Amino acid sequence: MELKISSRSREDVAVVTVGGEIDLYTAPQLRGELVGALEGGARRLFVDMSGVEFCDSTGISVLLSAMKRARGKGGELELVAPKPAVTKVLEVTGLDEVFVIHTDLDALPVAVGTGGGR
């Protein structure tokens, strides 16, 4: 399955929306998008995972790496609306205690415009 990624940003906040499966083959695409958002000035990065059906250890590694990169710049990477299958992986690995996880995009503490893109 292919990975669909879109992003939007405003000031130092970016939302990367991901759909499909994050695995060994698609993880580099996600990595590129997350690094691009951080290099583009995002200090707070929200990853909307509501469309992610599957995420393997490679995908988790990409998310952890991007979170570390964000924190190194004084920022944060937060996950939004992971499906039950992804939530289960986060819980089993204990990463639900590492990542900030929001239940839905509308409940985010900051507003990011829906127009435009990066």
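Just so you know, all these numbers are worked out from the coordinates, no wet-lab data involved. What you see is a predicted model; the values in this text were computed from it and never measured. Neighbour counts are summed over all protein chains in view; Cβ atoms, including those assigned to glycine, are modelled from backbone coordinates with ideal geometry.
How far is helix 27-39 tilted, in degrees, relative to the longest principal axis of the Cα atoms in the chain, given as a value from 0 to 90 rounded to the nearest 10?
20 degrees
Taking each pair of different alpha-carbon atoms in the chain once, compute 1/r for the pair, average those values, and report the inverse of that mean as the Kirkwood hydrodynamic radius in Å to one decimal.
13.9 Å
Once you list every other residue whose beta carbon is under 15 Å from the beta carbon of G74, what net charge do they have if Lys and Arg are +1 and Asp and Glu are -1?
Around G74, the charge tally is +1.
Angle between the Cα long axis of helix 84-93 and the longest principal axis of the chain, 0 to 90 degrees, nearest 10?
Orientation of helix 84-93: about 80 degrees from the principal axis.
For D56, what is the net charge nearby, where nearby means another residue's Cβ is under 12 Å from its Cβ and Lys, Arg count +1, Asp, Glu -1?
So the surrounding residues net to -3.
What net charge do the residues around V47 carry, taking every other residue with its C-beta under 10 Å from that of V47, with Lys and Arg at +1 and Asp and Glu at -1?
-3
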